1. How many residues does segment 20-77 hold that are more than 26 Å from residue 104 (Cβ to Cβ) and either small (Gly, Ala, Ser) or touching a His at 6+ places or on another chain (Cβ under 7 Å) (or both)?
2. Only one of these is closer than 30 Å to residue 87 by Cα and not in a loop (DSSP other than H, G, I, E, B): 36, 23. Name it.
3. Restricting the search to segment 64-104, which residues are farther than 26 Å from residue 51 by Cβ and of a type in the set (S, T, N, Q)?
4. Could you check how many residues of segment 26-70 are open to solvent by less than 30 Å² (accessible area, probe 1.4 Å) and among the basic types (Lys, Arg)?
5. Could you list all residues from segment 71-100 that are surrounded by 11 or more Cβ atoms within 10 Å (Cβ to Cβ) and small (Gly, Ala, Ser)?
Amino acid sequence: RRERGSMARTQPPKWSVNIPVRARGMVLAGESLFLAGPPDVIDKDDPYGAFEGRKGGLLWVVSSKDGEKLAEYQTEAPPAFDGLIAAGQRLFLTTTDGYVSCWE
């Protein structure tokens, strides 16, 4: 039982996995969870490269049932913050270089 306004978890999560993406966008569509962001890497020669968009972006698809990786795609630029939406059996991704991609 939660107290009103409390964000405290009362039960453990159904599943938990580490992914190599710094999620800037996340959307649940059916039984798939889509996560998009720059890669979670630190290059010793360019430590801010991923954060500043020089390492492109990643789109990961995981099962909402158990967190199993279903697919992974690379993008030339990282996604814009909160730039991921699902509608009409399609996924739309907006990237920091001004493009909108439609994934079926």
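The values are calculated or read from the model by the stated rules, or taken from the named source; none is laboratory data. Worth saying up front: this structure is predicted, and the values here are computed from it rather than measured. So basically every Cβ, Gly included, is an ideal-geometry build from the backbone, and we count neighbours across all protein chains shown. Remember, those area values only see protein heavy atoms, side chains included, never the ligands or the DNA or RNA. Shrake-Rupley method; radii C 1.70, N 1.55, O 1.52, S 1.80 Å.
1. Selection size over segment 20-77: 2.
2. 36
3. Correct list: 64, 89.
4. Qualifying residue count for the region: 0.
5. Of everything in segment 71-100, those that are surrounded by 11 or more Cβ atoms within 10 Å (Cβ to Cβ) and small (Gly, Ala, Ser) turn out to be 71, 77, 80, 83, 86.
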